[in-house]
Amino acid sequence: MNKNPKVGIVIPSYERIDYLKEAVESAINQAYENLEIIIIDDNSPGAAVKEYLEKINNPKVKWFINKVNLGTTKNYDAGVRFLGKDVEWCVILDNDDFLDRDF
């Protein structure tokens, strides 16, 4: 059993930029470090989400913007599919939630 499994945190997003920032920061600031964080935006209108995502400079974080709005369930699925093959566990963190540091 791997004592340090890679954990994926998928953050589906649609608008709500202020909540998204809090969710992403809570994922980045986890005490557990073997993480891969995927942000998948469901084609939010306006530029705020894209501008925020472009400013994220963390090697653990990858982000994607759907070309069309997929809806909630398909957006979740798309985010999970972007996780690397070495991810053993996955958590979906809605963009209006946040994780305690020791989650």
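The values are calculated or read from the model by the stated rules, or taken from the named source; none is laboratory data. Not measured: the values here are computed from a predicted model. Here Cβ is always computed from backbone atoms with ideal geometry, including for glycine, and neighbour counts include all displayed protein chains. Remember, those area values only see protein heavy atoms, side chains included, never the ligands or the DNA or RNA. Shrake-Rupley method; radii C 1.70, N 1.55, O 1.52, S 1.80 Å.
Charge dipole (Cα centre; +1 on Lys/Arg Cβ, -1 on Asp/Glu Cβ; no other charges) of the chain amounts to roughly 440 debye. Apolar share of the accessible surface for the chain: 51 percent from carbon plus sulfur atoms, 1.4 Å probe. Net charge in the neighbourhood of Asp86 (other residues with Cβ under 14 Å of its Cβ; Lys, Arg +1, Asp, Glu -1) is +2.
Note on log10 I(q)/I(0) by the Debye sum over Cα atoms at q = 0.15 Å⁻¹: of the candidates (1) -0.55; (2) -0.79; (3) -0.70, the value calculated from this structure sits at (1). For the chain, the solvent-accessible area of protein heavy atoms averages 63 Å² per residue (probe radius 1.4 Å; ligands and nucleic acids excluded). Quick check: from the Cα gyration tensor, does region 47-103 come out rounded (a/c under 1.5), prolate or oblate? Cα axes put region 47-103 in the rounded bin.
Using Cα atoms only, what is the angle between the long axis of helix 72-81 and the major principal axis of the chain, expressed in degrees (0 to 90) to the nearest 10? With rounding to tens, the tilt is 50 degrees. Can you give the net charge of the other residues whose Cβ lies under 12 Å from the Cβ of Gly71, counting K and R as +1 and D and E as -1? Here the charged neighbours net out to -1.
Shown is the FRET efficiency for Asp100 and Glu54, computed with R0 = 25 Å from the Cβ-Cβ distance and rounded to the nearest 0.05: 0.35.
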